[in-house]
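The values are calculated or read from the model by the stated rules, or taken from the named source; none is laboratory data. Given the structure is predicted, the values throughout are model-derived calculations rather than measurements. Note that each Cβ is placed from the backbone with ideal geometry, even for glycine, and that neighbours are counted across all protein chains shown.
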Amino acid sequence: MSNIQSNDSLRELNAKLLAEIDELIAEDKVKKMKLKQELKARIELEKNKADSSAENVRRDVKITEIKAGIVSDYVVNWLNIEVRRAGDASSDDTIISLVSTIKRV
């Protein structure tokens, strides 16, 4: 009889352990799923961050090009005005004065 009780108690223990194992496996799957979702979210954020950084660099380059164009237009216009002010006086002093002014700009 003791043998039958022992077998029954072992079967009962085995069933409890299998149920606990199933529960742990289910919990593990949930944890893995959450971690995968977090990892995907992080990867997406990093990708968006890299895309944003690249876009910012492109914008900075474009802004610099626009500023350079504005400055060069300004300098050309300013030089035209200075040349007109100098009039027909094409003396060496006028040319030297213009060149000195350009170097300061």
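Does segment 70-86 contain at least one residue that is basic (Lys, Arg) and either surrounded by fewer than 10 Cβ atoms within 10 Å (Cβ to Cβ) or in contact (Cβ under 8 Å) with a residue 12 or more places away in the chain (or both)? Scanning segment 70-86 turns up at least one residue that is basic (Lys, Arg) and either surrounded by fewer than 10 Cβ atoms within 10 Å (Cβ to Cβ) or in contact (Cβ under 8 Å) with a residue 12 or more places away in the chain (or both). Among the residues of segment 50-70, those that are modelled with pLDDT under 90 and of a type in the set (D, E, K, R) comprise 51, 65, 67.
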